[in-house]
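For reference, the structure is listed below as structure tokens.
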Amino acid sequence: MAEILAVGEAMERALALLEGGDVVAIPTETVYGLAGDATNGVGVARIFEAKGRPRFNPLIAHVADLAMANRIAAFDPLSTRLAEAFWPGPLTLVLPQHADNAIHPLVTAGLDTIALRMPRGFGGELIARLGRPLAAPSANSSGRISATTAEAVAADLGERIKLVVDGGATPVGLESAIVKVEDGTLRLLRPGGIAAGEIEAVASVKLLRGAVGIQAPGMLASHYAPGASVRLNVARVASGEALLAFGRHRAEGWRDAVAMRNLSETGDLREAATNLFAFMQALDRGGAATIAVEPIPAQGLGEAINDRLTRAAAPRDKMA
Ligand code: TXA
Ligand code: MG
């Protein structure tokens, strides 16, 4: 079973594991990541192994600073502006990578672009100490809900990894927004922990939507799936269902729900994002066959919340 160490006491142990080509689960501001040295093929392969993730899914490389990022990929004025505005933070930029960079090709699945992000807190310090970027997908088995607490990581991956660094509940609660920068255009590949409108305000260009070509499988139709089936935008709770509520106004029949969690009593989308995965997991563990979800507005962070819920509700035969 994985050892769980608090951020204050985990640094040396985490560094030793990464130096040895092993993986470590770490907190970031978005969700927990399963990190390995992005320049070490063995470390990267162990990430895929521990997650049971299909090999063709490229990973995000996490950096400590802009200098490290610039050694890996080509920044134009637009990507520089976004990095300066939002890093460290929940924005991932997909950029053309330099041909001769140190990133192991398994990280990018052979693509000529690379996803880069600068995390806040322990992750950033760890990367700076290691002096090399970390590849880190969300710390969950492939296709399952992302973990937002150390306990959730240990429950899912604890038998397969040696260390979980405990930084408490992650403040954002949703994965980063992924934006591809190409010829002066921006394409939102995955809505996430920064609202599209905030990115557009800084970039002064509209985000293109809809993926082209290879895409983020966070983009697979069924992803983030709990064990229970998921029913969205419910106006009425059916018997035997658990209820994932939002705001002050309850769906009809809510008193009969076998369990209920409210993402945000006050209708605050930021609070709802923070609670989303933990509450889905809690309702799932309660054993209901179906989780009914009340409507959630689509603006701001609501776009990412509805994206994750739609994937959780998709038919499971679409799962990778
Ligand atoms: O908040 C986050 O982004 C978390 C934390 C741990 O940093 N990470 C995360 O990683 O969500 P992951 O692997 O679960 O999702 C990364 C997404 C995947 O859907 C992958 O396909 C996409 O990024 N991606 C990576 N490289 C890409 C590329 N070159 N082009 C397009 N999509 C890419
Ligand atoms: Mg993931």
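The values are calculated or read from the model by the stated rules, or taken from the named source; none is laboratory data. Values in this document were obtained by computation on a predicted structure and should not be read as measured data. Here the Cβ is made from the backbone with ideal geometry for all residues, glycine too, and neighbour counts use every protein chain on show. Areas reflect the complete protein model, heavy atoms only, side chains present, ligands, DNA and RNA absent. Shrake-Rupley method; radii C 1.70, N 1.55, O 1.52, S 1.80 Å.
Structural remarks
- Positions within the range 108-123 being in contact (Cβ under 8 Å) with a residue 12 or more places away in the chain, farther than 30 Å from residue 9 by Cβ and not aliphatic (A, V, I, L, M), in sequence order: 108, 112, 113
- Meets criteria (in contact (Cβ under 8 Å) with a residue 12 or more places away in the chain, out of contact with any helix residue (DSSP H, G or I) (no Cβ under 8 Å at 6 or more places or on another chain) and under 29 Å from residue 185 (Cα atoms)) for residue 52: no
- Output for the range 267-320, where each listed residue is open to solvent by less than 20 Å² (accessible area, probe 1.4 Å) and either at positive phi or basic (Lys, Arg) (or both): 308
- Taking the range 288-306 as the range and being among the aliphatic types (A, V, I, L, M) and outside any helix (DSSP H, G or I) as the test, the residues that pass are 288, 289, 291, 292, 293, 296, 298, 301.
- Inter-residue pairs, beta-carbon under 7 Å, first free of Cβ contacts under 8 Å to residues at least 40 places away in the same chain and in the range 5-32, second open to solvent by less than 30 Å² (accessible area, probe 1.4 Å) and assigned to a helix (DSSP H, G or I), 6+ apart: 21/43
- Any hit, the range 39-53, residues being surrounded by fewer than 20 Cβ atoms within 10 Å (Cβ to Cβ), under 27 Å from residue 142 (Cα atoms), within 16 Å of ligand 2 (Cβ to nearest atom) and more than 17 Å from the chain's Cα centre (by Cα): yes
- When the range 252-287 is limited to residues that are under 18 Å from residue 233 (Cβ atoms), of a type in the set (A, V, I, L, M, F, W, C) and not in a helix (DSSP H, G or I), the one that is nearest to the chain's Cα centre (by Cα) turns out to be 263.
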